[in-house]
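J.: Take a look at the following structure, please.
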Amino acid sequence: MTREQFYRQVRGELPRTSPRKAPSFVLFFFLFGCVLLARPCFGQVTFDRLVNSAKEPQNWMTYSGDYSGKRWSGLDQINAGNAHSMVAKWVYQTGATGKLETTPLVVDGIMYATAQDDRAFALDARSGRPIWMYQHQLPGDIRPCCGRVNRGLAILGDKVFMGTLDAHVIALDAKTGNVIWDLIAADYRTGHSFTVAPLAVKNLIVIGVSGGEYGVRGFIDAYDADTGARKWRFYTVPGPGEPGHETWEGDSWKVGGAPAWNTGTYDPASNQIFWPTGNPSPSNRGAGRAGDNLYSNSLLALDADTGKLKWYFQFTKHDEHDWDATQVPVLIDADEKHLVAQANRNGFFYVLDRTNGKLISATAYGKQTWSDSKDGDGRPVAKKEASPTLEGHTVCPGALGTTNYLPPTYDSQTGLFYVTSRDQCDIFSTAPQPYEAGHAFYGSAYFPSEEAKPYLGFLKAIDPATGEIKMKFQHTSPTWSGVLSTAGGLVFSGDAEGNFIAFDAKSLKPLWHFQMGGAVYAGPMAYAIDGKEYVAIAAGSAIYTFGLPY
Amino acid sequence: MRLLAAVCSLAVAFIGEAHSQNPYAGNVKAAKAGEYEFRINCALCHGLGAHGGGRGPDLTRAQKKHTHNDAEMFQVISNGIPGTAMPANGTNGQGVGMTDEEIWQIITYIRSQEVKAAAKPLGDPRRGKTLFYGDANCSLCHMINGRGGRVGPDLSAVSGSRTREALIDSVRNPSRRLAWGLTESTKEFPQEYETVTAVTAEGKEIKGVTLNEDSFTVQVMDTNENLHLLEKDKLRSFQKSRESAMPKYGTDLLSDKDLEDIVAFLAGAGAK
């Protein structure tokens, strides 16, 4: 139909086309159009595509790049032989201030990312030019813990999904940025918030709450992607009558924390979600919450359909040092073993059998002084004298941990797990602090220990089979950058001084770097358009994209 | 329009009024609550007991560099201090956003910790000035109000952020806590005055302090105040040390009385 015919129809000068004709054409296009175009249809990200993301390395469709959390790209156009010639392709200024922790998604040429204060935007991933921009209206009295940050989006169907600092979960139209649904998951006034990039599994949007600094009762939620209806909630602190409730003293479970603020992983074969949890509340004062405090600082294996707990493993029992176990649990299959590996904030690298949660190994990968023995399962046990005191004393790692939320990578080509780590010790001092709804609930103070200076930052390569550190690169100072590995034999990471660096995956020798002018607090990712590979990372208040000089 | 302007100015006046008076001034209970809030929100940089030394200045000094009264302190805690590492309330990496009530409690606590300055300075500032620019050789490296050297930190305002004890310790044991230089907006730690020895490809040795550094470059000021902008991979050798470039002033070099006079001079300089 021509435009003229259309307007004549609207004006009533021509009879209307039968409504049946349009759908049949649309149906025809969806059935055959994609085949004819030999490329995926814009925006339609099916669960099947997410499961088989390795088949489309040009796209980066989840926070960690795939369901296994490896943050590995199958692209190899940029490789150890030509990385030295990389150039900046474009920069997108978000206009936000503070720490930019987002990992962008790229699907079929469009980049989707977030920034501070719950901004979301879609960019032409070839040029960096914005297509739409959205910002959630936040109340003035939100109380995020650690910066007004957001780590990214999930994409499913024709929508992208974000959690907000006032504890909303929002679905946006991927084509326009319009709000499709917007629900309130919890009360922000009691310290609940979302900073995590959600995970799309089947038709569910899985998201974990932040608020371990406010004494929330942590939970992981799953919402119907179409309607926003809540399908399940798993409370990370068991209520009365539930197993694990006995690990809390008195009513301490009600304000027990155990938030779930980093994105988990998913194993389609067993239909299990692996989601890590954070510190018990108050974070640095154990008095009043005697017991192991389940399921704080644990890895949870949940049935994706029901949210039912299959197994758990607690890394740090009765934590008093704010060592959230919220690092990405990376699924690794080796020698017919189905493993999950995590470089934990407490300074140990753990490998578990993911079919049953049994610990296989726990090896220190940074400076630690809190444990010198292991229990019968091989789990490091805290020394009594590691507990914070009123006067304060030094414990390593510090509260920021040997690593933190910054995502690691596993490269199956080298068989190594690459993670950013820091050697820093803090003085931990406890302070009695009553719970008050919506108020900070640390029960403590901690600050860098002068006597333990200088603080060192590293990129380390760990062999998961042995826990051995095979090689390391020392940064000028500790960094908050995540790590990406690619089929090109490269590892990418950033630093606190603003450099983005390409390393040889075999030696961790820097092959190329670019000064971005802002510290890195995010993980890198890779994508391709029209056969050209790009690597992107957030730094300062902008998103940077690099490629070869073509 | 005029009415609107009047309403606006009234509103501004009202908001201003709300944050000009500490409702808890002198309240012991509020000071105790403030102590815990301080530990949670401020101690990371300003240290336990507000004695400073971690990253931020000592706040037990009655004389503050950026604030003169409770209302100004409220503004500084709420909005941060541009050009410094002091963040606006709720925007720092570790702490949590505080309510107005909590900020006032913290101010009440800080006031309760302040040490009143001695009625008379312990040292003689005039003699201290003579020493600073003369026999003690401080001004070879340090500058006050535009006069002096560039190799070490500018000391014009140091008395507003460091206690007498911290200043004395810095002179007696300069390597114990290296002074801070540049603070970049989103970087976690400020640059420290580390000592650098670099040898260029041509074999020229450069000794000085780091103004800034990353994994690939270093910006050095040598002891003759020459700036060297170096690429590390082009150097024959590059060594860094946490042994301060400043000599350790024992009592043989500088008596306790001389040092007290210099500290008195620094305190006076900061007051300007």
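J.: I'd like to know if segment A:152-168 contains one or more residues that are out of contact with any Lys or Arg (no Cβ under 6 Å at 6 or more places or on another chain), acidic (Asp, Glu) and within 29 Å of A:Lys55 (Cβ to Cβ).
T.: yes
J.: Counting only residues that are facing chain A (nearest Cβ under 9 Å) and either more than 24 Å from B:His142 (Cβ to Cβ) or without any contact (Cβ under 8 Å) to a residue 12 or more places away in the chain (or both), how many does segment B:213-231 have?
T.: 4
J.: Separate question: Can you pull out the residues in segment A:459-471 that are touching a residue at least 40 places away in the same chain (Cβ under 8 Å) and either within 30 Å of A:Glu497 (Cα to Cα) or among the basic types (Lys, Arg) (or both)?
T.: The initial filter retains those residues of segment A:459-471 that are touching a residue at least 40 places away in the same chain (Cβ under 8 Å), namely A:459-470.
Scanning segment A:459-471 gives A:Leu459, A:Lys460, A:Ala461, A:Ile462, A:Asp463, A:Pro464, A:Gly467, A:Glu468, A:Ile469, A:Lys470.
J.: Right, next: Given (1) surrounded by fewer than 18 Cβ atoms within 10 Å (Cβ to Cβ); (2) in contact with a Leu (Cβ under 7 Å, 6 or more places away or on another chain); (3) assigned to a helix (DSSP H, G or I), identify the lone condition not met by B:Ser159.
T.: Result: B:Ser159 fails condition (1) only.
J.: Going by the conditions given, is A:Glu242 assigned to a loop (DSSP other than H, G, I, E, B) and free of Cβ contacts under 8 Å to residues at least 40 places away in the same chain? Before you say what the answer is, go through the steps one by one.
T.: Numbers: assigned to a loop (DSSP other than H, G, I, E, B): yes; free of Cβ contacts under 8 Å to residues at least 40 places away in the same chain: yes.
Judged against the criteria, A:Glu242 is a match.
J.: Suppose we filter segment B:163-201 for residues that are away from chain A (no Cβ under 14 Å) and in contact with a strand residue (DSSP E or B) (Cβ under 8 Å, 6 or more places away or on another chain); how many remain?
T.: Qualifying residue count for the region: 6.
J.: Having 1 or more residues that are in contact (Cβ under 8 Å) with a residue 24 or more places away in the chain, over 28 Å from A:Thr195 (Cα atoms) and in contact with a Leu (Cβ under 6 Å, 6 or more places away or on another chain) is the bar; report the strands (runs of 3 or more DSSP E) wholly within segment A:327-416 that clear it. Working first, answer last.
T.: Working: elements: A:330-334, A:337-343, A:348-353, A:358-364, A:371-374, A:380-382, A:393-395, A:409-411.
Fully inside segment A:327-416 and qualifying: A:358-364.
J.: Can you pull out every residue in segment B:227-257 that is more than 25 Å from the chain's Cα centre (by Cα) and within 19 Å of B:Gly148 (Cβ to Cβ)?
T.: Passing the criteria: only B:Leu253.
J.: Out of A:Thr102, A:Thr62, I need the residue that is touching a helix residue (DSSP H, G or I) at 6+ places or on another chain (Cβ under 8 Å) and in a loop (DSSP other than H, G, I, E, B). Which one? Working first, answer last.
T.: On the way: A:Thr102 fails: touching a helix residue (DSSP H, G or I) at 6+ places or on another chain (Cβ under 8 Å).
None of the other options fit; the residue is A:Thr62.
J.: Hey, can you tell me all the residues within segment A:493-515 that are touching a strand residue (DSSP E or B) at 6+ places or on another chain (Cβ under 8 Å) and more than 14 Å from chain B (Cβ to nearest Cβ)?
T.: Initial filter on segment A:493-515 (touching a strand residue (DSSP E or B) at 6+ places or on another chain (Cβ under 8 Å)): A:493-505, A:507-515.
A:Asp504, A:Ala505, A:Ser507, listed by residue number.
J.: A further question on this structure: Just to check your reading of the model, which residue among A:Asn297, A:Asn293, A:Asn271 is more than 22 Å from the chain's Cα centre (by Cα), modelled with pLDDT of 95 or more and either surrounded by fewer than 24 Cβ atoms within 10 Å (Cβ to Cβ) or assigned by TED's automatic domain parsing to the domain that holds A:Ala399 (or both)?
T.: Values: A:Asn297 fails: more than 22 Å from the chain's Cα centre (by Cα); A:Asn271 fails: more than 22 Å from the chain's Cα centre (by Cα).
Selected residue: A:Asn293, the only one of A:Asn297, A:Asn293, A:Asn271 that is more than 22 Å from the chain's Cα centre (by Cα), modelled with pLDDT of 95 or more and either surrounded by fewer than 24 Cβ atoms within 10 Å (Cβ to Cβ) or assigned by TED's automatic domain parsing to the domain that holds A:Ala399 (or both).
J.: Tell me yes or no: at least one residue of segment A:529-540 is within 14 Å of chain B (Cβ to nearest Cβ) and surrounded by fewer than 24 Cβ atoms within 10 Å (Cβ to Cβ).
T.: Looking for residues that are within 14 Å of chain B (Cβ to nearest Cβ) and surrounded by fewer than 24 Cβ atoms within 10 Å (Cβ to Cβ), one finds at least one in segment A:529-540, hence yes.
J.: If you take the residues in segment B:170-196 that are assigned to a strand (DSSP E or B) and modelled with pLDDT of 90 or more, which one is farthest from B:Glu260 (Cα to Cα)?
T.: Only one residue tops the list, namely B:Val196.
J.: Checking A:Val419 against (1) more than 11 Å from every other protein chain (Cβ to nearest Cβ); (2) part of a loop (DSSP other than H, G, I, E, B); (3) within 30 Å of A:Gly74 (Cα to Cα): exactly one of these is not met. Which one?
T.: (2)
J.: Please specify each residue of segment A:225-247 satisfying the condition of being surrounded by 22 or more Cβ atoms within 10 Å (Cβ to Cβ) and either under 20 Å from A:Ser210 (Cα atoms) or at pLDDT below 95 (or both). Give the derivation first.
T.: First, pick out the residues of segment A:225-247 that are surrounded by 22 or more Cβ atoms within 10 Å (Cβ to Cβ): A:225, A:234, A:236-237, A:247.
The answer is A:Phe234, A:Thr236, A:Val237.
J.: Let me ask something else. Among the residues of segment A:366-375, is there at least one that is more than 14 Å from chain B (Cβ to nearest Cβ), surrounded by fewer than 19 Cβ atoms within 10 Å (Cβ to Cβ) and of a type in the set (Val, Ile, Thr)? Reasoning before the result, please.
T.: As a first pass, look at segment A:366-375 and keep what is more than 14 Å from chain B (Cβ to nearest Cβ): A:366-375.
Still in the list and also surrounded by fewer than 19 Cβ atoms within 10 Å (Cβ to Cβ): A:367, A:369, A:371-375.
From the residues that got through so far, the ones that are of a type in the set (Val, Ile, Thr) too are A:369.
Looking through segment A:366-375, at least one residue is more than 14 Å from chain B (Cβ to nearest Cβ), surrounded by fewer than 19 Cβ atoms within 10 Å (Cβ to Cβ) and of a type in the set (Val, Ile, Thr).
J.: If you take the residues in segment A:428-464 that are part of a strand (DSSP E or B) and facing chain B (nearest Cβ under 9 Å), which one is farthest from B:Ile103 (Cα to Cα)? Give the derivation first.
T.: Filtering segment A:428-464 for residues part of a strand (DSSP E or B) gives A:428-430, A:444-448, A:456-462.
Filter again for facing chain B (nearest Cβ under 9 Å), leaving A:429, A:444-448.
On the way: A:Ser429: 21, A:Ser444: 18, A:Ala445: 17, A:Tyr446: 19, A:Phe447: 20, A:Pro448: 23 Å.
Applying the filter and picking the extreme gives A:Pro448.
J.: Need pairs with beta-carbon distance below 7 Å; first residue farther than 14 Å from A:Leu138 by Cα and within segment A:162-177, second surrounded by 22 or more Cβ atoms within 10 Å (Cβ to Cβ) and charged (D, E, K, R); sequence gap 6+ or separate chains.
T.: Filtered contacts from segment A:162-177: A:Ala171/A:Lys159; A:Leu172/A:Lys159; A:Asp173/A:Lys159; A:Ala174/A:Lys159.
J.: Any chance segment A:100-109 includes a residue that's modelled with pLDDT of 95 or more, more than 14 Å from chain B (Cβ to nearest Cβ) and surrounded by fewer than 22 Cβ atoms within 10 Å (Cβ to Cβ)?
T.: From segment A:100-109, those modelled with pLDDT of 95 or more are A:100-109; that's our starting set.
Retained after the next criterion (residues that are more than 14 Å from chain B (Cβ to nearest Cβ)): A:102-109.
Checking the rest, the ones that are also surrounded by fewer than 22 Cβ atoms within 10 Å (Cβ to Cβ) come to A:108-109.
Yes, there is a match, as at least one residue in segment A:100-109 is modelled with pLDDT of 95 or more, more than 14 Å from chain B (Cβ to nearest Cβ) and surrounded by fewer than 22 Cβ atoms within 10 Å (Cβ to Cβ).
J.: Identify the single condition in (1) within 14 Å of chain A (Cβ to nearest Cβ); (2) within 22 Å of A:Leu390 (Cβ to Cβ); (3) at pLDDT below 90 that B:Thr60 does not satisfy, given that it satisfies every other one.
T.: (1)
J.: I need the full set of residues from segment A:431-485 which are surrounded by fewer than 24 Cβ atoms within 10 Å (Cβ to Cβ) and on the phi > 0 side of the Ramachandran plot, in order please.
T.: Within segment A:431-485, A:Gly438, A:Gly467 qualify.
J.: Moving to a separate point now. So how many residues does segment A:300-330 have that are of a type in the set (A, V, I, L, M) and surrounded by fewer than 24 Cβ atoms within 10 Å (Cβ to Cβ)?
T.: The first filter runs over segment A:300-330 and keeps only residues of a type in the set (A, V, I, L, M), leaving A:300-302, A:304, A:309, A:325, A:328, A:330.
Adding the requirement that they be surrounded by fewer than 24 Cβ atoms within 10 Å (Cβ to Cβ) leaves A:304, A:309.
Residues that pass the stated criteria total 2.
J.: Can you find a residue in segment B:8-21 that is surrounded by 15 or more Cβ atoms within 10 Å (Cβ to Cβ) and modelled with pLDDT of 85 or more?
T.: So in segment B:8-21, the residues surrounded by 15 or more Cβ atoms within 10 Å (Cβ to Cβ) come out as B:19.
Still in the list and also modelled with pLDDT of 85 or more: none.
No, segment B:8-21 contains no residue that is surrounded by 15 or more Cβ atoms within 10 Å (Cβ to Cβ) and modelled with pLDDT of 85 or more.
The values are calculated or read from the model by the stated rules, or taken from the named source; none is laboratory data. Just so it is clear, the model here is predicted, and its values are computed rather than measured. Neighbour counts are summed over all protein chains in view; Cβ atoms, including those assigned to glycine, are modelled from backbone coordinates with ideal geometry.
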